[in-house]
Every structure is written in C-alpha cells, then in structure tokens.
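Beneath this line is the structure, given in structure tokens, with notes to follow.
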Amino acid sequence: MPEPNPAPERRGGEPRHRRPAPLLFEPPDAAADPEHFFDLESIEDPRELLGRATELALAFRAAADRAMEFQAVAAAQLADPRRFDRLPDEAIAERAEWTADYARKMIEFGRELMRDRTPE
C-alpha cells in the first residue's frame, strides 16, 4: 500500500478533490464475465476507448485516495487516547491488514487531516 499523501492542494491551501468520472452500473451478469469491464470491451474506436479508460482510471484513483483518507481518519479516531475503547496501533494494523509501522503512519496522517479540517 502506498504511503499516505493528502490530496493535491489548490492555491488557497485547500485540498483539491478531482471529480471522478461516473462509474456506470455493472449488471450482475456482466460482472460475472471476466472480460467485461464497464463496457470498455465493446468500444471499437481507440480514441474513445483511451478517453473512457482514462476517465475510469482517474475515477478509481480519486476514489482510492479518498478511501485512504477515510481509513486514516478512522485509524486516528480508533487510536485516540481520550477514547475509553481506544485500540492499540497493532490492533488497528491487524484490522486494516497493515504493518504496525504503517498503522502508526496512517494514524498520524489521520490526525493531520482532522487538524486541517477543524476550524481554528
């Protein structure tokens, strides 16, 4: 898993979140076909295929970045020493299938994200 990185920032210092391309509904029977992926296999024009595949790649990348930020915030909340049910870093690592070292980095990243989101 890559090291946590915040979303790229705009000039005003606010995180810039990309608007992902719409992820079209995948019918259950299409999802069962391993060759079927968001109908890309039916696109014959390479320009159109490149454009749609790029949109999907950016959408999945943006979704993964946002999901990682939510993981970090959740890890920081679970590790908060003010919680009576606080979890140790190792328990958080086990739940998220991380190493303990990576869990500590994600906890710190989550704390930074929460600090950045709280008005001063």
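Tabulated data
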read-out: Single unsatisfied condition, Pro6 versus (1) touching a Pro at 6+ places or on another chain (Cβ under 7 Å); (2) at pLDDT below 90; (3) over 24 Å from Gly110 (Cβ atoms); value: (3)
read-out: Of residues in segment 45-99 being touching a residue at least 24 places away in the same chain (Cβ under 8 Å) and among the polar types (S, T, N, Q), the one least open to solvent (accessible area, probe 1.4 Å); value: Gln71
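To keep it simple, each residue is scored yes or no on (1) among the charged types (D, E, K, R); (2) in a helix (DSSP H, G or I).
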position	(1), (2)
Glu35	yes, no
Gly51	no, yes
Leu58	no, yes
Ala62	no, yes
Pro81	no, no
Glu94	yes, yes
Asp101	yes, yes
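The values are calculated or read from the model by the stated rules, or taken from the named source; none is laboratory data. What you see is a predicted model; the values in this text were computed from it and never measured. Every residue, glycine among them, receives a Cβ derived from its backbone with ideal geometry; neighbour counts consider all protein chains shown. Areas reflect the complete protein model, heavy atoms only, side chains present, ligands, DNA and RNA absent. Shrake-Rupley method; radii C 1.70, N 1.55, O 1.52, S 1.80 Å.
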